[in-house]
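Participant: My questions will all concern the structure given below.
The values are calculated or read from the model by the stated rules, or taken from the named source; none is laboratory data. These figures come from a predicted structure and were not determined experimentally. Neighbour counts are summed over all protein chains in view; Cβ atoms, including those assigned to glycine, are modelled from backbone coordinates with ideal geometry.
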Amino acid sequence: MGTCYLMKGRENAAKPYRAEWYDFFSKPGKRKIGGTKTFATLREGNRWWQDMERENAAYFRGETRVRSCKFGAFATAWADDLAYSENTNKSYRSNVRALIKHFGEETPVAAITAADVRAMKADLKRRGRSDGTIRVRLVVLNKLMQAAIVEGLRSDDPTQGVERPAEVRHRARIVTLDEILQVVEKLDERLRAPVLLAWYTGLRIGEVCGLHIENLNLDRARLQIVQIMFQDGTERVGAKNGRDDQWVGLAAQIVEVLREHLRKFPPLPSGHIFSYVGRDGSLKPLGQAYLRRHFRKACEAAGLSGRMPKFHELRHSCATYLAENEASAYAIKALLRHSRLDTSQRYIDELEVDQLLETLDRVHGAQSGEPAEPAELAESAELVAA
C-alpha cells in the first residue's frame with residue numbers, strides 16, 4: 001500500500017465514507033488500486049488507515065516477521081543446516097529437540113528472555129542433569145540466539161549473563177608402547193595393523209576405517225587422508241577439516257606392519273585396506289563399531305591396569321609418546337593435523353607438569369624419608385608454576 005484517499009461515497013448510506021489505496025509498486029501514471037473499504041464516519045476511516053500504516057511500516061522493518069517466527073521451526077531449520085561431522089550434528093539436533101520441548105514449538109524466537117534461560121537451567125538441575133549436560137544445552141542455545149540475531153529476529157542474546165557450569169576436562173587414558181603390544185597380541189590378525197596404525201600415527205577411527213589402497217604410499221612412507229568412514233558405514237570424501245591435501249608420515253615400524261598386513265590380507269575390490277569376516281563368511285570393510293568392540297575386548301583380555309582406554313585415546317597416546325621423546329609442538333601439530341598450535345602444546349604442558357610432580361616427589365621423599373601427599377605435591381607445583 002502506498003497512497004490512501006478517504007472520500008464521500010454515494011452507494012452506501014449506512015457507511016458513506018470510502019477508502020481507496022494504491023499499490024506501492026505501481027508504475028508512475030499507472031497506479032493500480034489496491035482495494036477499497038467503507039466506514040460509517042470519517043474518524044473511523046482515519047483510525048483504520050493509521051493502523052494500516054503502522055502495520056505496513058512494521059512489515060518493512062521486519063517486526064512482523066519477528067513476531068511470527070516460531071522457535072520450533074527456526075531451531076529445527078538451523079540444526080538441519082549444520083555441516084559438522086555426523087556425531088556432532090546428531091548431538092546438536094538432540095539438544096535442539098530438548099530446547100524446543102522446554103520453550104515450546106510455538107513460542108516466538110523474540111519472546112525468550114534471560115529469565116526463561118535461568119528457569120531452564122534451574123529445571124535441568126532439579127531433574128538431576130549433570131553440569132556437562134547443562135553446559136552443552138546453554139552453549140547450543142547461545143549459538144541459536146546468535147543465529148537469530150544475525151537473521152534479524154531479535155536484538156539481544158538472552159543467554160548472556162547466565163553462568164555456565166565450569167568445563168571439566170578429564171585426562172585421557174594414555175596407552176604406553178608396552179601396553180599396546182599386549183593389546184595387539186589379543187587381537188585378531190586382521191585388526192592388529194589398524195590398531196597399531198592409530199597408535200603410531202594418531203589417525204582417528206573414521207580415518208583408519210576409510211583408508212584406501214590408492215591413498216597409501218609405502219615406498220615414500222606416507223598416506224593421504226581422503227575418505228572418512230562414519231559409524232553407519234557411509235563414507236565422506238575429504239578430511240575432517242575439509243582439506244583434501246592431508247598427508248601423514250609413517251614410521252619405519254608401521255610401514256613394515258602395513259606391508260605384512262597387505263601380504264596376508266589383500267585390499268578389498270572397493271579399495272579398503274582393512275576388512276573383517278562377516279557372519280555370512282564374506283569380507284566386509286572394517287567399520288567403527290566392529291573395531292571399537294574388539295579393541296575394548298582385547299584391552300580387557302590384556303589385563304590393562306586402571307581405566308580401560310577408548311579407541312580415540314590412541315590418538316592422545318601418540319601425541320604423548322611424541323612429547324615424551326622431545327618432539328616440538330609444531331611436529332605434533334603436523335602429524336596429528338591439529339588446526340591450532342595450542343591443542344598440540346597441551347600435550348607438552350601436561351608432560352612437563354607430570355615430570356615436575358615426579359621431581360617434587362623424589363625431592364620431598366628424600367628429605368622426609370617418605371613420599372609427599374598428592375595434595376602437597378599439587379600445591380608445590382602451583383607455587384613453582386607461579
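Participant: Would you check which residues across the range 170-188 are out of contact with any Ser or Thr (no Cβ under 8 Å at 6 or more places or on another chain) and touching a residue at least 24 places away in the same chain (Cβ under 8 Å) and list them?
Facilitator: 171, 173, 177, 179, 182, 183, 184, 185, 186, 187, 188
Participant: Residue 82 versus (1) under 30 Å from residue 206 (Cα atoms); (2) modelled with pLDDT of 90 or more: which is the lone unmet condition?
Facilitator: Residue 82 satisfies all of (1) under 30 Å from residue 206 (Cα atoms); (2) modelled with pLDDT of 90 or more except (2).
Participant: Continuing with the same structure: Report yes if some residue within the range 334-346 is over 24 Å from the mean Cα position of the chain (by Cα), in a helix (DSSP H, G or I) and among the small types (Gly, Ala, Ser); otherwise report no.
Facilitator: Among the residues of the range 334-346, not one is over 24 Å from the mean Cα position of the chain (by Cα), in a helix (DSSP H, G or I) and among the small types (Gly, Ala, Ser), which makes the answer no.
Participant: Suppose the filter is surrounded by 15 or more Cβ atoms within 10 Å (Cβ to Cβ), over 17 Å from residue 200 (Cα atoms) and touching a residue at least 60 places away in the same chain (Cβ under 8 Å); does residue 265 pass it?
Facilitator: When the stated conditions are applied, residue 265 passes them.
Participant: Moving on to the next point. Is the range 178-186 home to any residue that is farther than 17 Å from residue 309 by Cβ and either surrounded by fewer than 21 Cβ atoms within 10 Å (Cβ to Cβ) or not assigned by TED's automatic domain parsing to the domain that holds residue 87 (or both)?
Facilitator: No, every residue in the range 178-186 fails to be farther than 17 Å from residue 309 by Cβ and either surrounded by fewer than 21 Cβ atoms within 10 Å (Cβ to Cβ) or not assigned by TED's automatic domain parsing to the domain that holds residue 87 (or both).
Participant: What do you reckon, is residue 62 farther than 15 Å from residue 154 by Cα and either at pLDDT 85 or above or surrounded by 13 or more Cβ atoms within 10 Å (Cβ to Cβ) (or both)?
Facilitator: The answer is no for residue 62.
Participant: I need the full set of residues from the range 182-200 which are over 16 Å from residue 293 (Cα atoms) and either within 23 Å of the chain's Cα centre (by Cα) or among the aromatic types (Phe, Trp, Tyr) (or both), in order please.
Facilitator: 199, 200
Participant: May I pose another question? Among the residues of the range 175-223, which ones are touching a Phe, Trp or Tyr at 6+ places or on another chain (Cβ under 7 Å), closer than 18 Å to residue 337 by Cα and of a type in the set (Lys, Arg)?
Facilitator: Answer for the range 175-223, where residues must be touching a Phe, Trp or Tyr at 6+ places or on another chain (Cβ under 7 Å), closer than 18 Å to residue 337 by Cα and of a type in the set (Lys, Arg): just 222.
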